[in-house]
Structure formats: structure tokens, C-alpha cells
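The values are calculated or read from the model by the stated rules, or taken from the named source; none is laboratory data. What you see is a predicted model, and the numbers here were worked out from it, not measured in a lab. Neighbour counts are summed over all protein chains in view; Cβ atoms, including those assigned to glycine, are modelled from backbone coordinates with ideal geometry.
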Amino acid sequence: MPNASKKIAMGTAIALLAAAILVFPSVAPNPYILSSGVLVLNYAVLATSWNFVGGFTGYISLGHGALAGLGGYATALLVVKAGLPSFAALAAAALLVAALAVPLGMAALRVRGASFVIVSIALVLILLLVFQSWASFTGGSRGLVVPRPFDLSRPEHHRVFYYLFAGLLAIAVLAWWLIDRSRFGLRLKSIREDEDKAEALGTPTFAYKLIVFVVSAGFTALAGGLYALWFGDLDPVFQFSILTGSYLVLMALLGGVRNLFGPVAGAILVGTALEYFKVEYGDTPLHLVATGVLLGLVVLFMPDGVLPAIGDLFKRFGRTRSSSIREVTAAELAEQRKAAV
Amino acid sequence: MSLATHELRKAFGGVTALDGATVEFHEGKVNALIGPNGSGKTTYFNCVTGMIKPDSGRVTYQGRDLTGKAPHRIARAGLGRTFQLCRTFPRMTALENVLAAVPRGGLRSAGSRADIEKAMSWLTRLGIEHLAGSEARDMSWGQQKLLELAGVLMAEPETVLLDEPAGGVNPALLDRIGTLIRQLNAEGRTFVIVEHNMDLVMSISDHIVVFDRGRPIAEGPPSVIRSDERVLGAYLGV
């Protein structure tokens, strides 16, 4: 039963991944490494959230950084200006951004391909200008300080948020899986394959794209809001950066957009690499060059991502073992001998 | 009342593709739409199925006005279509291609036993059940045409519009497609077929509409169309 063994392999992989993620804070040698772990998990949630749109419908958004930024600022402002408790503010912020995603999606999802990419970039740039200029409300370039939700030491603070991000990641992955196996998901994927054809088969493509965009925006905002509560300081330049969206695209593509854990794997690889490059090359733009090279390599040599590439490798080995040319000729020889007798 | 259009017009820039096409197709029959290249047949299909909006005129189906409605609404009203250059979902398996046409969405599993059985029965009927697990992009042209048809039929349309079902298909498969259309018609489905292969058109059609320069110039059963002078003129450029 190849199906059963596939399920066991999948289950083992998930259990290993979960164990590795859960054990990390205990083995992290210092708070700095632990905080890098929080960042990587934040990327994993963001990349998985991005993949609700990118993976299912094939619409490549570079604007998801802006949705995360909105989630961050909404959470922070609800705490600072409205005096809401931190996590109530987080939930309210996610709902607000999801609601805002309805008109945003209605505007952006009218266009396809490169045009959609450009519209999504425009979203980031517009919000960057707004949040920088509207200093009386957002704090502008001076930044916005977000009060911490817990009174903890720095290492403990990182540890708690590490697990909060891990929990959010589990929910996002579960939601993606639920859609992936559903009729809704299959029809979404048919939009990715051929949107007009899907429409002609009776799929209300626009409504489907909008629903999944709103879900994606909600999860992205949750990640952004949680980041704001963790990091405690927001600056429009970093919150509304095209780089964030580009990193998410790189992570999702690198890991594989058709795979449940593709974006997570990509986030772990790219996130770790980014942190490493930043430590090694400090403030030089070399980490950007490295990111660009990585993206180029992925697109050229692993267009489906790392996970499928590894899967293909296994398949190739498996096939040679099960039906090599030698075995076939041996069987034929036996046949010939039988026929001769 | 079956599928009908009234004074349908569509121009692309200065080119008039449809010039007041008033047509009524016969319900429960195999209808064919023929005409020389550029006579507006595909534009007509696209206007009827909502892929493009006509400049003026009306499309009605079973008494309902479908003019300018979104393609998915028209599909759900019971009109299924294939495309001239056959279109499948290339990176989905044959089975998924057919399942993607299940009329309802929702968060229920896409692989329910009933859905899979029904999808497999269509694949079997079209003779490509052995390819259920293959991705569409790995299939041959003919197999993809059969797959596209299986998907359309899965959506349970009462009327099926086929844009050149015989295009690029070998003679053996052509026979099979012809027989299949007659069988599906006998089960109660209405067909409207755009086709250049006159042998196929003449052998399977009950009713033929001939287009020239964006409007019908003749209609009737094959025996009448075969000897119509206007039709010969349009085709031969006399």
C-alpha cells in the first residue's frame, strides 16, 4: 500500500518538524539565537499565510508585507490609543485587516499576472507614505512603541512569543490543509491552472479569489500583530517594505507552493540564511545580493521548490530499485527459456 | 425554449465579428454551427457563454435572459462548453480535472466516494480511466480533448457547446467522438457544435446553422444545407 506508507512518512515528517520547533528554545544557546528563532517562525507564519493566495490561486503578491504592517500598526494603535488589552487588540486588528482586505481584494484581484504584482507593490508604497506622513497618529518615522503584554525577563519574553508564533503557525497550516483537501480548494487550484476555464466550468472565480485573499490577509495580520507585541517598536520603513513581500515569495517558492509545509521549509531556510548574512555582513547590502542569487537559483533549477525536488529524488531512487532494466531482462530470459522447453 | 440569440452584435475595433446574429437552436438535438474561417463562430460561442460581452443583442436560454452574465452563472444555468484549443488544468491529474467541475464547492473533502465514482465513470466512458492519476500536461492532444469533455460533462450541463471537437484528432478517435455525441444526445443532452470537418457535421447533426460574416445565412437539416447555393458560395468564395 503506497498510500499508507506515504501517510506514515508524512506523519513522521510532521512529528519531527513539530518536535524540532518545540525543542528549539530549550537548546538555543542564548537569547539572541532564540530571538532569531522567533523571527524565523514569524516568517513561517507569514509565508504560509501568503501561500493561501500564492499557492492556491497562483496570484503572486508582493504586498503581503503591507498587510502584516497593517496588522502590526492596528494592534499597536488599539493598545496605545484605545487602551485595549494586548491580545484583544490583536484579534480586533486581524478582523479589521480582513475587513479592509475586501475592498483591497476587489480592486487588486481584477487584474492578473504582472499587473497584479504591480498593484500589490503599489499597496505597500502607498501605505508606507501614509504611515510615514501621518505622524500624529502613527508616530511616523520616529516609530511607535508598543507596550509589552507580559512582565517578563528578555529571554522569557522571547520564549513565550516563540511558542505563541508556533501555535499560530499550527493554526495557519491546519487551515491551509483544510482548504487544500476540500472542493473549494480544488476549484481554487483550478483557477491557478486556467482561470477562464475554471470560470467556464461554473467556478465563481472572483468570489473564490476574494475569500481566500481575505483569509490570507487575516492570518498575515495576526502574524504582523503578534510581531508588534513581541518586538515592541514599529517603524513604517520596516513594516511597509517591499522586501518583506519579496522574502515571502522567495520562501514560498523555495519550499514549494503546492506543499503544505513548503513555505515553512522555505522560511526556515531563507530566514536562517537572512539572519546569518546579517550577522556576517552587518549593514552592507550583501544580504540582499545573496537573497537575489538564491531566488534566481530556485527559479532556474527548482521551479517547484525544494520539497518536491527532494521528493523527485526519492522517487527516482525508488524506481530504479523496483524495476531496473536488469530485472526486466531476467524475467524475459525466464520467459524465453520456458518457451524453448 | 432552447438556446437562442437575438440580433447579437460584437465588433473588435473596426472588425465586425457578429453582425446581428439571430439564431435559435433546437432543444434535444445535435445542432451544428458551420461557416468559413472568420465568420464569427467562436465569437458567437464566447458571447453566448459570457466569455466576452456582446455590444448589443440578447442571449436567452430556457426563457432566461443570459446576456452579459458572468461565465460561471451561464455554466450553472446548464450550458457547458469546450474550447477551440482544448483547455485542461495542466498540472492537475485527470481525476482532479474532472472533480474540479463538481457543481458545488464548500469545505467538504474534494475526494468523496460518490464524487470520485462519478468522475471515474466519466473517465471510463471516454476511455481514459487508465490515465486518472496522470497530470493533464503529460497526456496527448486527443486524450486532453477527451478529458476536457469529461470535465464539462461532470458539471451536468443540459446543453453542451463544443468548439471544434474534431480539431487535430485522428480518424479513429473522430469516429468515437461522433458516436459519443450521438449517445449523449440520445440520453437527452442538447449539443451545439462548431466544426469544420464536414463529414462529422453531416453525419451527426440534426440541424445546421451556417454563418457568414457574422450572421446566419442558411439553416436546416444536412440534406438541405448540402445543396444550398448560398452555403457553397460562402465556402468557395463564389
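Note on the stretch A:183-236: residues that are in contact with a Gly (Cβ under 7 Å, 6 or more places away or on another chain), more than 22 Å from A:Q132 (Cα to Cα) and of a type in the set (S, T, N, Q) total 0. Which ones in the stretch B:86-95 are buried (at least 23 other Cβ atoms within 10 Å of the Cβ) and at the interface with another protein chain (Cβ under 8 Å from one of its Cβ atoms)? Result: B:T88, B:F89. Here A:L210 does not fit the description of being outside any strand (DSSP E or B), among the aliphatic types (A, V, I, L, M) and at pLDDT below 95.
Out of B:I181, B:I204, B:I193, B:I217, one residue alone is touching a Pro at 6+ places or on another chain (Cβ under 7 Å) and either within 20 Å of B:I34 (Cβ to Cβ) or of a type outside the set (D, E) (or both). It is B:I193. Within the set B:S205, B:S227, the sole residue that is among the hydroxyl-bearing types (S, T, Y) and surrounded by 14 or more Cβ atoms within 10 Å (Cβ to Cβ) turns out to be B:S205. Where helices (runs of 4 or more DSSP H) sit wholly within the stretch B:1-101, those with at least 1 residues that are at pLDDT below 95 and in contact with a strand residue (DSSP E or B) (Cβ under 9 Å, 6 or more places away or on another chain) occupy B:41-48.
Looking only at the stretch B:185-201, which residues are hydrophobic (A, V, I, L, M, F, W, C), surrounded by fewer than 19 Cβ atoms within 10 Å (Cβ to Cβ) and closer than 24 Å to B:P157 by Cα? Across the stretch B:185-201, the qualifying residue is only B:A186. For the stretch A:43-52, the criterion of being surrounded by 24 or more Cβ atoms within 10 Å (Cβ to Cβ), in contact with a Leu (Cβ under 6 Å, 6 or more places away or on another chain) and of a type in the set (S, T, Y) is satisfied by no residue at all. For the stretch B:62-76, filtering for residues that are under 15 Å from the mean Cα position of the chain (by Cα) and more than 8 Å from chain A (Cβ to nearest Cβ) leaves 1.
Residues checked against (1) touching a helix residue (DSSP H, G or I) at 6+ places or on another chain (Cβ under 6 Å); (2) among the charged types (D, E, K, R); (3) more than 10 Å from chain A (Cβ to nearest Cβ):
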position	(1), (2), (3)
B:Q84	yes, no, yes
B:N97	yes, no, no
B:S109	no, no, no
B:A114	no, no, yes
B:L123	yes, no, yes
B:E129	yes, yes, yes
B:D138	no, yes, yes
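Of all residues in the stretch A:250-282, those that are in a helix (DSSP H, G or I) and surrounded by 22 or more Cβ atoms within 10 Å (Cβ to Cβ) total 16. The set of residues from the stretch A:175-220 being more than 11 Å from chain B (Cβ to nearest Cβ), closer than 17 Å to A:V111 by Cα and not β-branched (V, I, T) comprises A:K209, A:L210, A:F213.
Only one of B:G151, B:G133, B:G142, B:G178 is within 14 Å of another protein chain (Cβ to nearest Cβ), surrounded by fewer than 21 Cβ atoms within 10 Å (Cβ to Cβ) and either touching a Ser or Thr at 6+ places or on another chain (Cβ under 9 Å) or in a helix (DSSP H, G or I) (or both). Can you tell me which? Only one candidate passes the filter, namely B:G133. Here B:I116 clears all of (1) over 18 Å from B:L153 (Cα atoms); (2) among the β-branched types (V, I, T); (3) without any contact (Cβ under 8 Å) to a residue 40 or more places away in the chain; (4) in a helix (DSSP H, G or I) except the condition numbered (1). One residue is enough: does the stretch B:40-53 have a residue meeting the conditions among the aromatic types (F, W, Y) and within 15 Å of the chain's Cα centre (by Cα)? Yes; the residues of the stretch B:40-53 include at least one that is among the aromatic types (F, W, Y) and within 15 Å of the chain's Cα centre (by Cα).
Condition check ((1) acidic (D, E); (2) in contact with a Pro (Cβ under 8 Å, 6 or more places away or on another chain); (3) farther than 26 Å from A:L178 by Cα) across all residues:
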position: A:P236; (1), (2), (3): no, no, yes
position: A:Q239; (1), (2), (3): no, no, yes
position: A:L243; (1), (2), (3): no, no, yes
position: A:Y247; (1), (2), (3): no, no, no
position: A:G256; (1), (2), (3): no, yes, no
position: A:N259; (1), (2), (3): no, yes, no
position: A:P263; (1), (2), (3): no, no, no
position: A:A267; (1), (2), (3): no, no, no
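Every condition in (1) crowded, with 17+ Cβ neighbours inside 10 Å; (2) under 26 Å from A:L125 (Cβ atoms); (3) at pLDDT below 90; (4) not acidic (D, E) is met by A:P285 except one, and the failing one is (1). In the stretch A:1-92, counting only helices (runs of 4 or more DSSP H) that sit wholly within it, the ones holding 3 or more residues that are of a type in the set (A, V, I, L, M, F, W, C) and either more than 19 Å from A:F231 (Cα to Cα) or in contact with an Asp or Glu (Cβ under 6 Å, 6 or more places away or on another chain) (or both) span A:2-27, A:31-57.
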